Amino acid sequence: MRKTMFLLLIISIAALSSCNKNNDSTTPTLTVADLPTKATQYIDTNYPDASVLYVVAMKNSAAAFIVTLNTTEELAFTTIGNYLGDGANFHGGHHGGGDSIHGDTIHGGCGGGGHHGGGHPGGGHPGNGIPVDSLPTLIKDYITANFAGYTIKHAEFDTICTEGAVTEVVIAQAGMEPIKLYFDATSTYLMKDNRILFTDIPQVVKDYIAANYATFETCNRATKLTLADNTLQFIVYLHASQVRKNVRLKDDGTFVCEK
């Protein structure tokens, strides 16, 4: 009997040891700097309006990394940084222990300068997040009435030109890129923004950029702002070495502000 109990004790200890190894979470917390250069370049070029909320390393998955943006979009990458697609399609594995970085941005290349507000609609401050349930009723009612079929994915406070302090709300439909909505301090709707290709912005805006920012390169993506009065403005993301600028212009090429 004693031998049997001793044997069971040994088996139990071995089982616990095995479980601990399988759930090892000693992998250091990941940052954007831990991503392959090819991955950071892809994010920087194609999502200049967003900032990274966190990065996780994956095990037992076709994806090596899943990056979550403050727009709630998830991007999957291989070990060498090749983009695989929507990270939601690669959750079959499990996290390799690396997780949160909060409000980190990618340094160099496109975008970045507006990820923390102060210059234009953009990524905002992930640390200023607002629980969706805590959004003012006026904002939720406006979205229900004017954006039927959309789901509120994320909300945060931001400060932008020329509107000042705003509440930024990310909404989305399945299979579509998210839309950002902006409301002022009284919960009055100000505008929405959509991510578009730089090649799709008006020629007069391109001409202004070429004439006034000749030493800068443009990112693949730009942002189209549709204001409450249905007028249009555009944000162009520029970079030159480690210098980044985000320039907001009206659709007639009139300068609005720069960050």
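Starting from the range 181-209, keep only residues that are touching a residue at least 40 places away in the same chain (Cβ under 8 Å), then list their pairs with residues that are assigned to a helix (DSSP H, G or I) and among the hydrophobic types (A, V, I, L, M, F, W, C) whose Cβ atoms are within a distance under 6 Å, requiring at least 6 positions of separation or different chains.
From residues that are touching a residue at least 40 places away in the same chain (Cβ under 8 Å), the pairs are F183/I139; S187/L138; S187/I139.
Regarding the range 208-222, can at least one residue be identified that is within 30 Å of D141 (Cα to Cα) and surrounded by 17 or more Cβ atoms within 10 Å (Cβ to Cβ)?
Yes: the range 208-222 contains one or more residues that are within 30 Å of D141 (Cα to Cα) and surrounded by 17 or more Cβ atoms within 10 Å (Cβ to Cβ).
If I go through the range 226-237 residue by residue, how many of them are open to solvent by less than 40 Å² (accessible area, probe 1.4 Å) and either touching a Ser or Thr at 6+ places or on another chain (Cβ under 9 Å) or over 20 Å from Y182 (Cβ atoms) (or both)?
5
Restricted to the range 172-184, and to residues that are modelled with pLDDT of 95 or more and more than 19 Å from F234 (Cβ to Cβ), which residue is most open to solvent (accessible area, probe 1.4 Å)?
Once the filter is applied, the top-ranked residue is D184.
When the range 126-148 is examined, which residues are found to be modelled with pLDDT under 95 and open to solvent by less than 60 Å² (accessible area, probe 1.4 Å)?
Matches in the range 126-148: P126, G129, I130, V132.
Test D99 against the stated conditions and say whether it is in contact with a helix residue (DSSP H, G or I) (Cβ under 7 Å, 6 or more places away or on another chain), surrounded by fewer than 21 Cβ atoms within 10 Å (Cβ to Cβ) and at pLDDT below 90.
When the stated conditions are applied, D99 does not pass them.
Could you list all residues from the range 197-207 that are surrounded by 10 or more Cβ atoms within 10 Å (Cβ to Cβ), more than 19 Å from P48 (Cβ to Cβ) and not acidic (D, E)?
The one that is surrounded by 10 or more Cβ atoms within 10 Å (Cβ to Cβ), more than 19 Å from P48 (Cβ to Cβ) and not acidic (D, E): V204.
What residue, among those in the range 37-63 that are over 18 Å from I179 (Cα atoms) and among the β-branched types (V, I, T), is modelled with the lowest pLDDT?
T45
Of all residues in the range 238-259, which are out of contact with any helix residue (DSSP H, G or I) (no Cβ under 8 Å at 6 or more places or on another chain) and surrounded by 15 or more Cβ atoms within 10 Å (Cβ to Cβ)?
Passing the criteria: H239, R244, K245, N246, R248, K250, V256, C257, E258, K259.
The values are calculated or read from the model by the stated rules, or taken from the named source; none is laboratory data. Note that the structure is a prediction, hence the values are computed from the model and not measured. Cβ coordinates were reconstructed from backbone atoms using ideal geometry, including for glycine residues, and neighbour counts include every protein chain displayed. Remember, those area values only see protein heavy atoms, side chains included, never the ligands or the DNA or RNA. Shrake-Rupley method; radii C 1.70, N 1.55, O 1.52, S 1.80 Å.
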